[in-house]
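What follows is a single structure, written as structure tokens, with notes after it.
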Amino acid sequence: METTVISTPILPEVPPTVTRSAYPTIAQSWGVLGWFLILSLLVGIPTYLVLDKLLHVGKQTNAAILSVLINVALMLILRRKAGRQWARIQWKGQAKPWIYAALPILVIAYGIVASTLVELFHLPNWMETTFRDLVKQPLLALFLFCVSAPLLEELIFRGVMLTGLLRNYRPWVAISQSALLFGLMHMNPAQIVGTGLIGLLFGWLYYRTRSLSLCIVAHMFNNLLAFLAMTDTDLSKKETMREIFGADLLFGLALLISVLLVVLIVWQIHKRTRTYEGLSVPAAV
């Protein structure tokens with residue numbers, strides 16, 4: 001009796017597909033904070049001494065120059081460290097004109113809600129004197145608050161950091177991490193919570209639209225409101241949203257309307273945009 005031996009054909013071995021994460025991972029994103037602190041010491045202190053002691057540049061101008069230099073240096077370091085893991089920055093994305101039109105309302109309403117939450121913590125403002133001195137030179141302050149800071153910070157936190165994190169982690173993890181570091185890098189207790197909350201909104205907008213330009217415009221408008229508030233004699237003396245609106249009833253109504261507007265606009269953006277997850281970065285051969 002013959003027996004038939006069934007053998008499994010030997011297939012050629014296929015090398016596994018090797019992928020690597022985009023830049024940065026969560027660990028690397030904490031390194032970005034480290035680099036910011038290092039640059040603040042290595043670039044900030046010597047530059048300050050040169051500008052102040054040798055060139056006799058005013059403190060306000062000195063602060064503006066330092067801010068731009070440190071952010072530009074940080075951007076260059078991130079580009080070098082990312083190497084081939086660099087994720088392409090997306091400027092236009094799928095942000096429609098109606099989103100830009102709704103942006104001022106969203107930023108104002110979200111700002112009222114976020115500011116009300118921040119006020120619950122009673123955090124000290126270490127930069128209050130610096131900001132008040134800076135707005136004494138309105139053109140310089142306007143450039144710093146509404147041009148250089150929004151452009152450079154959005155490039156770093158949404159253009160580089162969040163783009164990479166979204167390729168490596170779930171959206172809520174990536175958005176939360178970038179917002180946390182966005183708050184911490186302001187190094188001012190009164191700003192950490194507020195900018196962190198703003199970072200959540202900007203991060204979510206970028207996730208839904210993949211439009212860095214939209215985030216830059218939102219950041220510019222948010223900072224413009226802050227700049228106008230600091231330059232207004234009456235508003236600058238008021239420390240809480242309740243004081244700004246005056247009567248408790250008016251404040252409560254404004255807060256309720258703001259919450260409803262944020263929910264409505266966020267829902268419309270969520271409904272009318274689509275997300276697309278980034279692909280893993282191929283490993284070098």
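Structure notes:
- From Ile89, Ile70, Ile156, residue being without any contact (Cβ under 8 Å) to a residue 40 or more places away in the chain, open to solvent by less than 70 Å² (accessible area, probe 1.4 Å) and within 18 Å of the chain's Cα centre (by Cα): Ile70
- Among residues of segment 178-204, those that are among the polar types (S, T, N, Q), open to solvent by 20 Å² or more (accessible area, probe 1.4 Å) and out of contact with any His (no Cβ under 6 Å at 6 or more places or on another chain), counted: 1
- Among residues of segment 118-135 being open to solvent by 80 Å² or more (accessible area, probe 1.4 Å) and either hydrophobic (A, V, I, L, M, F, W, C) or in contact (Cβ under 8 Å) with a residue 60 or more places away in the chain (or both), the one that is farthest from Gln60 (Cα to Cα) is Leu120.
- Verdict on Glu243 being open to solvent by 50 Å² or more (accessible area, probe 1.4 Å), within 30 Å of Arg132 (Cβ to Cβ), modelled with pLDDT under 95 and touching a Lys or Arg at 6+ places or on another chain (Cβ under 9 Å): yes
- Only helices (runs of 4 or more DSSP H) whose full extent lies in segment 57-152 are considered here, and the ones with at least 1 residues that are modelled with pLDDT of 90 or more are 59-82, 97-119, 138-143.
- Any chance Arg167 is among the basic types (Lys, Arg) and on the phi > 0 side of the Ramachandran plot: no
- Candidates are the residues of segment 92-107 that are among the small types (Gly, Ala, Ser) and more than 30 Å from Thr25 (Cβ to Cβ); the one that is most open to solvent (accessible area, probe 1.4 Å) is Ala101.
- Listed by first and then second residue, the pairs linking a residue in segment 181-207 that is over 21 Å from Thr240 (Cα atoms) to a residue that is part of a helix (DSSP H, G or I) and charged (D, E, K, R), with Cβ atoms under 7 Å apart and 6 or more places separating them unless they lie on different chains, are Phe202/Arg158; Gly203/Arg158; Tyr206/Arg158.
- Positions within segment 253-267 being open to solvent by 40 Å² or more (accessible area, probe 1.4 Å) and over 23 Å from Tyr100 (Cβ atoms), in sequence order: Leu253, Leu255, Leu256
- Any hit, segment 268-284, residues being among the hydroxyl-bearing types (Ser, Thr, Tyr), in a helix (DSSP H, G or I), at pLDDT 90 or above and within 30 Å of Thr25 (Cβ to Cβ): no
- Residue count for segment 135-157 under the criterion of being within 15 Å of Ala226 (Cβ to Cβ) and β-branched (Val, Ile, Thr): the result is 2.
- Odd one out for Asn62, checked against (1) closer than 23 Å to Glu243 by Cβ; (2) touching a helix residue (DSSP H, G or I) at 6+ places or on another chain (Cβ under 7 Å): (1)
- Count of residues meeting criterion [on the phi > 0 side of the Ramachandran plot and of a type outside the set (Gly, Ala, Ser)] in segment 68-117: 0
- In segment 229-240, the residues that are of a type outside the set (S, T, N, Q), in a helix (DSSP H, G or I) and open to solvent by less than 90 Å² (accessible area, probe 1.4 Å): Ala229, Met230, Leu235
The values are calculated or read from the model by the stated rules, or taken from the named source; none is laboratory data. A quick note: this is a predicted structure, and the numbers were derived from the prediction, not measured. In this analysis, Cβ positions are derived from the backbone assuming ideal geometry, glycine residues included, and neighbour counts consider all displayed protein chains. In case anyone asks, the SASA skips ligands and DNA or RNA and just uses the protein heavy atoms, side chains included. Shrake-Rupley method; radii C 1.70, N 1.55, O 1.52, S 1.80 Å.
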